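Here the structure is laid out as structure tokens; the discussion comes afterwards.
The values are calculated or read from the model by the stated rules, or taken from the named source; none is laboratory data. The shown structure was predicted, so the numbers you read here are calculated from the model rather than taken from an experiment. Cβ placement follows ideal geometry from the backbone for every residue including glycine, while neighbour counts extend to all protein chains displayed.
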Amino acid sequence: MEPGSEWPVRMCAPRWVLSDLLRWDRRTWRDPVDVAWTWRNDIRTTAWLYGLVRDRRPRLVVETGVHLGKSSVALLSALRKNGSGRLISIDLPMAGPGINRDGVEDHAHVVTVEETGSLVPRRLRDGWDLRMGDARRLVPLLPSRVDMFYHDSDHSYDHQAFEYAEAWRRLPIGGVLASDDTDWSMAWSDFTGAHRGEFRALPGGPVYQRAVLRTGGVEA
């Protein structure tokens with residue numbers, strides 16, 4: 001089965017998709033974020049991330065941009081199924097609509113620390129390191145080796161380029177760089193163009209989600 005296909009949803013929906021969706025559905029009518037709708041809308045992304053982790057079996061995964069924690073649940077569930085590995089998540093809640101470095105308004109964020117990752121159930125939190133703050137400050141402090149990196153924070157050109165570069169120099173051969181919203185800027189296109197020959201594309205990602213497996217460069 002291809003990593004990133006929809007098979008993880010069919011296999012795991014009774015455990016980590018449907019149960020947590022029902023658990024949080026009671027919040028739908030009073031919270032500023034429609035939790036149930038976002039789960040349905042992002043189901044292919046969570047399946048894709050789950051499949052990548054199950055296929056590649058990374059020891060350390062990093063994600064930037066947590067929001068309510070849909071991607072975090074997928075990543076942590078896959079790591080737990082693998083029997084090893086941990087997740088570092090970085091997020092920066094903002095009050096009101098966020099404006100990225102390109103001047104584009106982004107509503108896809110939570111506004112309080114308490115909301116950040118609130119969908120992640122207690123049973124998955126043992127392997128989770130949630131770090132609150134600006135990715136520009138926290139990403140350079142990451143360990144020297146990261147086996148999988150998933151970008152989903154500020155989607156401006158400069159910030160995406162910054163995260164891709166920081167992630168790439170930490171990835172060993174066989175490491176995975178994945179990104180959400182690759183259509184928001186030319187950063188993904190420019191980055192992969194500059195590193196052509198050092199990776200192969202991984203199939204199965206939803207629209208505007210891309211991932212590459214590092215196949216060349218310096219072994220970490």
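Screening the stretch 204-217 for residues that are of a type outside the set (A, V, I, L, M, F, W, C) and more than 13 Å from residue 45 (Cα to Cα) and picking the one that is surrounded by the most Cβ atoms within 10 Å (Cβ to Cβ) gives 214. Can you report the number of residues in the stretch 126-156 which are among the aromatic types (Phe, Trp, Tyr) and in contact with an Asp or Glu (Cβ under 6 Å, 6 or more places away or on another chain)? The qualifying residues number 1.
Return yes when residue 149 is surrounded by 19 or more Cβ atoms within 10 Å (Cβ to Cβ), touching a strand residue (DSSP E or B) at 6+ places or on another chain (Cβ under 7 Å) and free of Cβ contacts under 8 Å to residues at least 24 places away in the same chain and no when it is not. No: the conditions fail for residue 149. Take the residues in the stretch 44-99 that are hydroxyl-bearing (Ser, Thr, Tyr) and more than 25 Å from residue 165 (Cβ to Cβ), then tell me which one is modelled with the lowest pLDDT. Ranking the candidates gives 46 first. Taking the listed residues 185, 189, the one that is touching a residue at least 24 places away in the same chain (Cβ under 8 Å) and polar (S, T, N, Q) is 185, with no other qualifying. Within the stretch 100-129, the set of residues being modelled with pLDDT of 70 or more and either among the polar types (S, T, N, Q) or within 22 Å of residue 169 (Cα to Cα) (or both) comprises 116, 118, 129. Candidates 181, 154, 126: the one that is acidic (Asp, Glu) and under 19 Å from residue 54 (Cα atoms) is 126. Can residue 177 be described as surrounded by 20 or more Cβ atoms within 10 Å (Cβ to Cβ), assigned to a loop (DSSP other than H, G, I, E, B) and either among the charged types (D, E, K, R) or on the phi < 0 side of the Ramachandran plot (or both)? So residue 177 fails the test.
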